[in-house]
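The values are calculated or read from the model by the stated rules, or taken from the named source; none is laboratory data. Predicted model, so just to flag it, every value in this text is computed and none were measured. With ideal geometry, Cβ positions are generated from the backbone for all residues, glycine too; neighbour counts draw on all protein chains shown. These area figures cover heavy atoms from the full protein model, side chains too; ligands, DNA and RNA do not enter into them. Shrake-Rupley method; radii C 1.70, N 1.55, O 1.52, S 1.80 Å.
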Number of protein chains: 2
Amino acid sequence: MNDNYICETNYIHKDVINEIKSKLTEPKQHLQLAEIFNILGDPTRIKIFQILSISEVCVCDLAALINLSQSAISHQLRFLRQANVVNYRKEGKIVYYALRDEKMKKVIDYGVKYLNEK
Amino acid sequence: MNDNYICETNYIHKDVINEIKSKLTEPKQHLQLAEIFNILGDPTRIKIFQILSISEVCVCDLAALINLSQSAISHQLRFLRQANVVNYRKEGKIVYYALRDEKMKKVIDYGVKYLNEK
DNA sequence: ATTACATATGAGCAATTATTCATGCGTTGT
DNA sequence: ACAACGCATGAATAATTGCTCATATGTAAT
């Protein structure tokens, strides 16, 4: 960013700025929050969440339900695994995925509530 | 997508598939949900939300608080305006931005709750 | 053993994204 | 009238993303 030009009379409202600064503790929280919401910020992943919140499902069934290639689903599942929001269990060739817990589902439910309040 | 090869014995579990399909009404909800969460899936925008949920703030102060160029902030504000989640009011040269309502803040609060439960 | 199947993964690609830079627009003060 | 300031915006760019394609891995069946 460019400190030279922008807002030379920087801090137009120093009092407001300072009040806000004092209230904004936890300097890294916005990064964690963005990370969480970013997980949910994709239609395919939301669909996966919606499906898994109904039932444990295998990769092939997920692909069929979402109408995407198995590869695409597998890539998204890897993403969700690395984000620690899904569990999986192997049964022979088949791998069943499930939500790790109800927390993420609750966040989505709040999104639904948001839509309905609109 | 490729219908030729993947999962020739498609629908490994037809009963599960059908049960899920019957429960997944509202075929476009996942798109709307992804859109909402996508708005929150960026650190800069989350910061803007955090600040605006404390107080109405002008563009220049936002830039100073977030430590980004005025231009970058303006672009993000345009995004948020088009997403109908912020209001703004002009006072001479200065433009003050505010949250349109509390709904989005509540969604973020749920994200915070998620983090704390971790 | 060989073949078929379910899933995982790396490479490649097109589309999207967040920022910077340059500039334009409207308002204020001189 | 003119300069300075706050903000908006278009173009350009680098980084990220979500998918496809090809292929690898492990399991099951013949």
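Mean sequence separation of contacting Cα pairs (under 8 Å, at least six apart), scaled by the length of chain B, corresponds to a relative contact order of 20 percent.
Residue B:73: net charge of surrounding residues, Cβ under 14 Å, Lys/Arg +1, Asp/Glu -1, itself excluded?
Working: positive: B:45, B:47, B:78, B:81; negative: B:42, B:61.
In short, +2.
Shielding of peptide A:37-49 by partners, expressed as the average count of other chain Cβ atoms within 10 Å per residue Cβ, is 6.
Close amide-amide hydrogen proximity is noted between residue B:69 and A:2, each under 5 Å apart and 5 or more residues distant or on a separate chain (H modeled in the peptide plane; Pro and chain starts excluded).
A label point on residue A:24, set 7 Å along the Cα-to-Cβ line, lies at 3.9 nm from each of its counterparts in the other copies, closest listed first.
Can you give the FRET efficiency to the nearest 0.05 for residue B:94 and residue A:14, using r as the Cβ-Cβ distance and R₀ = 25 Å? Could the numbers behind the result be given before it?
Details: r = 14 Å, r/R0 = 0.58.
Given R0 = 25 Å and the Cβ-Cβ separation, E is 0.95.
Sorted on the mean count of surrounding Cβ atoms within 10 Å across their residues, most packed first, peptides A:20-30, A:53-63 read A:53-63, A:20-30.
Each other copy places its own label point for residue B:102 at 2.5 nm from this one, sorted shortest first, where the point lies 7 Å along the Cα-to-beta carbon line. Roughly how many Å² is the accessible area per residue of chain B, as a whole number, for a 1.4 Å probe? Ligands and nucleic acids excluded, the result is 56 Å² per residue.
State which entries of A:93/B:28; A:28/B:105; A:113/B:90; A:105/B:113 exceed 22 angstrom in Cα-Cα distance in the structure shown.
Numbers: A:93/B:28 32 Å; A:28/B:105 18 Å; A:113/B:90 32 Å; A:105/B:113 13 Å.
Beyond 22 Å between Cα atoms: A:93/B:28; A:113/B:90.
Given R0 = 22 Å, the distance between the Cβ atoms of residue B:67 and residue B:103 translates into a calculated FRET efficiency of 0.20.
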